[in-house]
Amino acid sequence: MAPYDGWAIPAPSAYVSVEARDLSPLGISFLSPERPASENVVLMLQSPSQAAIYVTARVVHCDEGFWNRKRQFMIGCEFTGRLKH
């Protein structure tokens, strides 16, 4: 996940790893140690057998709590588009 300004594709160093929880055609939720820095994000989705895809999303909720015995944020996002990277 990386913050997205709506124009520039984030640099590789801007991405942080997050733990996906739920994935649907409309959005995704994931755990992150930090609150997202912006309302819009880019998510790099990749499986071992396929190339990465980059999707844009809008943060629709961000709840702080304890998951996996750690204080984290459960972040829910609605997909808004796909980027050519």
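The values are calculated or read from the model by the stated rules, or taken from the named source; none is laboratory data. The shown structure was predicted, so the numbers you read here are calculated from the model rather than taken from an experiment. Please note: Cβ atoms are built from the backbone with ideal geometry, for glycine as well, and neighbour counts cover all protein chains shown. Accessible surface areas use protein heavy atoms only, side chains included; no ligands, DNA or RNA. Shrake-Rupley method; radii C 1.70, N 1.55, O 1.52, S 1.80 Å.
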Pairs needed: first member in the stretch 1-16, buried (at least 16 other Cβ atoms within 10 Å of the Cβ); second member anywhere, not aliphatic (A, V, I, L, M); C-beta distance under 6 Å; at least 6 residues apart or different chains. Ala2/Pro10; Ala2/Tyr15; Tyr4/Asn40; Tyr4/Thr56
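The rows are residues; the columns are (1) touching a strand residue (DSSP E or B) at 6+ places or on another chain (Cβ under 7 Å); (2) among the hydrophobic types (A, V, I, L, M, F, W, C).
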{"site": "Tyr4", "(1), (2)": "yes, no"}
{"site": "Pro12", "(1), (2)": "no, no"}
{"site": "Tyr15", "(1), (2)": "yes, no"}
{"site": "Leu26", "(1), (2)": "yes, yes"}
{"site": "Val42", "(1), (2)": "yes, yes"}
{"site": "Ser47", "(1), (2)": "no, no"}
{"site": "Val55", "(1), (2)": "yes, yes"}
Those strands (runs of 3 or more DSSP E) lying entirely in the chain with at least 1 residues at pLDDT 95 or above: 27-32, 40-45, 53-67, 70-83
Quick check: anything in the stretch 63-80 over 9 Å from the mean Cα position of the chain (by Cα), of a type in the set (Ser, Thr, Tyr) and open to solvent by less than 80 Å² (accessible area, probe 1.4 Å)? no
Residues of the stretch 46-62 satisfying the condition of being touching a Phe, Trp or Tyr at 6+ places or on another chain (Cβ under 8 Å) and either open to solvent by 90 Å² or more (accessible area, probe 1.4 Å) or closer than 17 Å to Tyr15 by Cα (or both): Val55, Thr56, Ala57
Among the residues of the stretch 26-44, write down those that are open to solvent by 40 Å² or more (accessible area, probe 1.4 Å) and touching a residue at least 24 places away in the same chain (Cβ under 8 Å). Leu26, Pro33, Glu34, Arg35, Ala37, Asn40, Met44
